[in-house]
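Reading through the structure tokens given below for one structure.
The values are calculated or read from the model by the stated rules, or taken from the named source; none is laboratory data. Note that the structure is predicted; figures quoted are calculated from it, not measured. Every residue, glycine among them, receives a Cβ derived from its backbone with ideal geometry; neighbour counts consider all protein chains shown. Side chains included, ligands, DNA and RNA excluded: accessible areas come from the protein's heavy atoms. Shrake-Rupley method; radii C 1.70, N 1.55, O 1.52, S 1.80 Å.
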Amino acid sequence: MIDAGVQLDWMYSPLEVLSRWPAQMPVHLLHSGRYDPRWGTRSIITSPVGTYRFTSAGKSEWIGDATAAPVTQWAHKPLHDLKHLIDATDGLLVGYLSYDLGRWIEPAARHANGARDERQHAVLEFGWCPGYLVHD
């Protein structure tokens, strides 16, 4: 559940806020994208202070200011480390779980003749966003 927060007195749309966002500042926009209020009521815009990433090489890492990291010790197990991060943070975690996470959960998916990971994308990645704006 998203906290209602403080009502702002300006009426920019999420896309207008995004167009005014400083270029040097990272941004996540979860945009409802629907014009009918029955189907799309809330959009969230936020800037992560850092990002947790679990790589396809099996390593957990924090990207960003190390002093802002809510977790300093990683077990290098994706779901364990993600739970540890969730327990240690307030605010939002915005990110994704990739399809390749299955290789780390299901032992049969890791056999020698399995699909090769040629792209080396992150298995999961979540930006920690202690502050955010909600458009309703």
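Can you tell which of 63, 45 is surrounded by 16 or more Cβ atoms within 10 Å (Cβ to Cβ), assigned to a strand (DSSP E or B), of a type outside the set (D, E, K, R) and at pLDDT below 95? Answer to the check: 45. Restricted to segment 2-25, and to residues that are at pLDDT below 70 and among the β-branched types (Val, Ile, Thr), which residue is surrounded by the most Cβ atoms within 10 Å (Cβ to Cβ)? Of everything passing the filter in segment 2-25, 2 is surrounded by the most Cβ atoms within 10 Å (Cβ to Cβ). Does residue 75 satisfy being open to solvent by 50 Å² or more (accessible area, probe 1.4 Å) and within 22 Å of residue 121 (Cβ to Cβ)? Spelling it out, it is not the case that residue 75 is open to solvent by 50 Å² or more (accessible area, probe 1.4 Å) and within 22 Å of residue 121 (Cβ to Cβ). Applying the criterion of being small (Gly, Ala, Ser) and at pLDDT 90 or above to the residues of segment 109-130, the residue that is nearest to residue 17 (Cα to Cα) is 127.
Restricting attention to segment 41-68, the residues that are over 30 Å from residue 7 (Cβ atoms) and either touching a residue at least 24 places away in the same chain (Cβ under 8 Å) or in contact with a helix residue (DSSP H, G or I) (Cβ under 9 Å, 6 or more places away or on another chain) (or both) total 9. Of everything in segment 88-100 that is at pLDDT below 90 and either over 21 Å from residue 71 (Cα atoms) or assigned to a strand (DSSP E or B) (or both), the residue that is most open to solvent (accessible area, probe 1.4 Å) is 99. Out of all the residues in segment 48-60, which are in a strand (DSSP E or B), polar (S, T, N, Q) and open to solvent by 20 Å² or more (accessible area, probe 1.4 Å)? Result: 51, single match.
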